[in-house]
1. In nanometres, what is the gap between the two model label sites at residue 15 and residue 162, each 7 Å from Cα along Cα-to-Cβ?
2. Taking 35 Å as R0, compute the FRET efficiency from the Cβ-Cβ separation of residue 95 and residue 34 and round it to 0.05.
3. Compactness ratio of the chain: Cα Rg over 2.2 N^0.38 Å, N = residue count?
4. Taking Cα atoms, how many degrees apart are the long axis of helix 38-50 and the longest axis of the chain, rounded to 10 and kept between 0 and 90?
5. Working from Cα positions, state the angle (0 to 90°, nearest 10) between the long axis of helix 67-79 and the longest principal axis of the chain.
6. Note down the nm distance, to one decimal, between modelled labels 7 Å out along Cα→Cβ at residue 6 and at residue 56.
7. Helix 230-247 sits at what angle to the longest principal axis of the chain, using alpha carbons and giving 0 to 90 degrees rounded to 10?
8. Kindly list the residues of the stretch 145-182 that lie in the label zone of residue 109, defined by a backbone N under 14 Å from the point 7 Å along the Cα-to-C-beta vector.
């Protein structure tokens, strides 16, 4: 930490306070939260205000986030690529689980695997990148569907001819609706044999800064191997999904 500038670090700490705080705060409150003197806090606020990172409400004499942060946030979103962002996390998850990891997104009324990192083991499951399939068809796509508005879910299910892939696939829209409710209640999905016999998938949602589910990350492998390590794999998966969501700006 020898190369860290304390003034810059305190400025960053100050800005982060607004992530989980009231819209406006005064010098006294910021001072207490940062455990810095009022004089030091006032200097930080004045400096940040001069650069547009903080705004002062002249009526209340309190401070809030400035528009420069909005500009920077918009720039981050424009430059953001979900695949580039996700791949390092996916590689880490493969290292932890030794199974295939895939990233699933929705494109209109289809689900697509937009990235994958293969299992290093000789016996493994594989998927095709960029292949389209119904959102009710896989573990990851059902996680995405579970967090969509009910109106969108009905667009997918109300008039669809539910396709079966194995003898264990869902056969009705009502079965799928019930499954979607269960996924949202527990926050993840685990399923075996529904798309491919002998294969188990686990999936969790990735939230963005607006609280929307932008993608789902899945671990998929042979059932006889995955189910033996189910709890361990699930914990690694949920930890990865939480970390990705936090880096995208999600605050529960």
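A short reminder: the numbers here are calculations on the coordinates, not readings from a lab. Computed from a prediction, not measured in an experiment: that's the story for all the values here. Cβ atoms come from the backbone with ideal geometry, glycine included; neighbour counts cover every protein chain shown.
1. 4.9
2. Numbers: r = 37 Å, r/R0 = 1.06.
For residue 95 and residue 34, the calculated efficiency is 0.40.
3. For the chain, the normalised Cα radius of gyration is 1.25.
4. The helix 38-50 is inclined about 70 degrees to the chain.
5. Compared with the principal axis, the helix lies near 30 degrees.
6. Distance between the two pseudo-spin positions: 2.5 nm.
7. 40
8. Residues 151-163 qualify, since their backbone N sits under 14 Å from the label point.
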